[in-house]
Amino acid sequence: MGEARKLRIGVIFGGRSGEHEVSLRSAESVLAALDREKYDVITIGITKQGQWLTGDPLAALQSGQTEAAAATTAVLLPPTPGAHTLVPVDPVAGAGPFDGDLDVIIPVLHGTFGEDGTVQGLLELAGLPYVGAGVVGSAVGMDKGIFKQVMAANGLPVLPWQLVRSQELGGDPAPIIDRLERALRYPMFTKPANLGSSVGVSRCQTTTELLAGLELAARYDRRIVVERGIDARELEVAVLGNDKPETSVVGEVRPKRSFYDYEAKYITDDSELLIPAPIPDPLARQVRELAAAAFMAIDCAGMGRVDFLLDRRTNELFINEINTLPGFTSISMYPKLWEATGLSYPDLLDRLIGLAVERHEVKSRLKTDFMTE
C-alpha cells in the first residue's frame, strides 16, 4: 500500500474588512504552526478589493499589493459541490501551485466578508469542509445586536443596550441622543454591530463624545450597538468542539488603556493577560458553563472565544460577545488559553481540522431532497 496522501489545507486570509491587517497577522502565525509533515498548505489571500490570490499572497498583501503580480495568481473557488480546486481567473496562466483538490479550508478571516457567514456560504455551496462556525453561527456571532437578542432569549445575561441605525444620524441627532441618555447611563460604548477587534468602538462620557462615537461606528456599519458601560473586569474563555464543546481555563485581560482596544490587542502588546484569571473556582466554573451555553445557543462549531464583563461593584457577570473566528496572532488569547489548558498551538490546529472534517461528514449524510411515497 502506498503512503497516505497528506490533507491539503487551504488557508484563507486578508479580506474586505476593517480587520484585514489583523487577519494577516493571524495567518502568519497559523501558517508557521501547521505541521507540513501532515499537511500540504495552499495559501489564499483576499485583497481589500476582494480579489482572491494564491502563490505567495501573504507577502504580497503585507506589502500592500492590491492585485495579482509575479508572485501570485488570481483565482476563483467555484461554488459547485465536488469542484474543490482553485481555478485561475486567467486560463492562460495555466496550473500553478494550487493544483489538486482542497480537503479542508481554514478561514483566518476577521470581520465582515469572512467572519459573518459570507465566506462560509460559499464553502457550503462548494461542499468543502471548513474550520469554524457555519453560516448561522457566524452571522449571529458577528452581529452584536442579534447576538444579544439570542442571549436574552436563552436567559443568558447581557448588559442593557440600544440599537441605532446609521440612517437615523442623517438628520437631527438630538432625538437619538435623548433616547440613549434616557435608556442608558454614562459611560456608554458605541460599536459597529458587525465588526470586531474593537475597530470603530468608542467609550463615551458626554453627549459630545456619544455623538462622535455614533458617527465613528457609522463609518463601518449601518447598525450601531450602544451599550451601558460598567466598571468591569474582562474575562475570556476559549471554546472548542462541535456538539459537545469543551472550555479552556478562564483568562483575564487587564488593559492599560481605557478599554481593550485595537492597538492593545494587536500592536502595543501592553495589556496584562492573566491566565488563569485570579477568580474563585465557583465563578470560574460559572463562566465556563455560560461560555458553553452561549456557544450552543448560536449553533457555533469548531471554535469560539466568549468574552465576559464582571462588574467590580456588584460581581454580576455579563456575556459581552462571542468571536467565532478569534484572533490567532502570537499574542492572541484564544491559543494562549488553550496552551494554558494543555493544548499546544499545533495540536489545537489539528483538533480544529478534525472537527471541520467531522462536522462536514455529519452534514453530508443528511438528505437534501424529499420525495413523497
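The values are calculated or read from the model by the stated rules, or taken from the named source; none is laboratory data. Just so we're clear, the structure is a prediction, and the values are computed from it rather than from any experiment. As a convention, Cβ positions derive from the backbone with ideal geometry for all residues, glycine included, and neighbour counts pool all protein chains shown. Ligands, DNA and RNA are stripped out before the accessible areas are found, and what is left, the full protein with its side chains, is counted by its heavy atoms. Shrake-Rupley method; radii C 1.70, N 1.55, O 1.52, S 1.80 Å.
Okay, here's what the table says:
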quantity	calculated
Conditions (1) closer than 28 Å to Thr118 by Cβ; (2) not hydroxyl-bearing (Ser, Thr, Tyr); (3) not in a loop (DSSP other than H, G, I, E, B); number of the one not met by Leu156	(3)
Check on Ala301, small (Gly, Ala, Ser), buried (at least 20 other Cβ atoms within 10 Å of the Cβ) and free of Cβ contacts under 8 Å to residues at least 60 places away in the same chain	no
Evaluation of Leu352 against (1) closer than 14 Å to Ser248 by Cβ; (2) touching a Pro at 6+ places or on another chain (Cβ under 8 Å) (one fails), failing number	(2)
Positions within the range 154-185 being free of Cβ contacts under 8 Å to residues at least 60 places away in the same chain and among the hydrophobic types (A, V, I, L, M, F, W, C), in sequence order	Leu169, Ala174, Ile176, Ile177, Leu180, Ala183, Leu184
Pick from the range 146-161, criterion surrounded by fewer than 20 Cβ atoms within 10 Å (Cβ to Cβ) and within 30 Å of Ala356 (Cβ to Cβ), ranking: nearest to the chain's Cα centre (by Cα)	Ile146
So Leu169, is it outside any helix (DSSP H, G or I) and of a type outside the set (Lys, Arg)	no
Only one of Val131, Val119, Val164 that is of a type in the set (Val, Ile, Thr), in contact with a Phe, Trp or Tyr (Cβ under 8 Å, 6 or more places away or on another chain) and open to solvent by less than 40 Å² (accessible area, probe 1.4 Å)	Val119
Strands (runs of 3 or more DSSP E) within the range 176-254 that include 2 or more residues open to solvent by 10 Å² or more (accessible area, probe 1.4 Å) and under 30 Å from Leu343 (Cα atoms)	232-241, 246-254
Residues (open to solvent by 40 Å² or more (accessible area, probe 1.4 Å) and farther than 26 Å from Leu195 by Cβ) located in the range 325-344	Glu339, Ala340, Thr341, Gly342, Ser344
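Results for (1) aromatic (Phe, Trp, Tyr); (2) at pLDDT 95 or above; (3) at positive phi, shown as yes or no for each residue.
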{"residue": "Leu283", "(1), (2), (3)": "no, yes, no"}
{"residue": "Ala294", "(1), (2), (3)": "no, yes, no"}
{"residue": "Phe318", "(1), (2), (3)": "yes, yes, no"}
{"residue": "Asp350", "(1), (2), (3)": "no, yes, no"}
{"residue": "Asp369", "(1), (2), (3)": "no, no, no"}
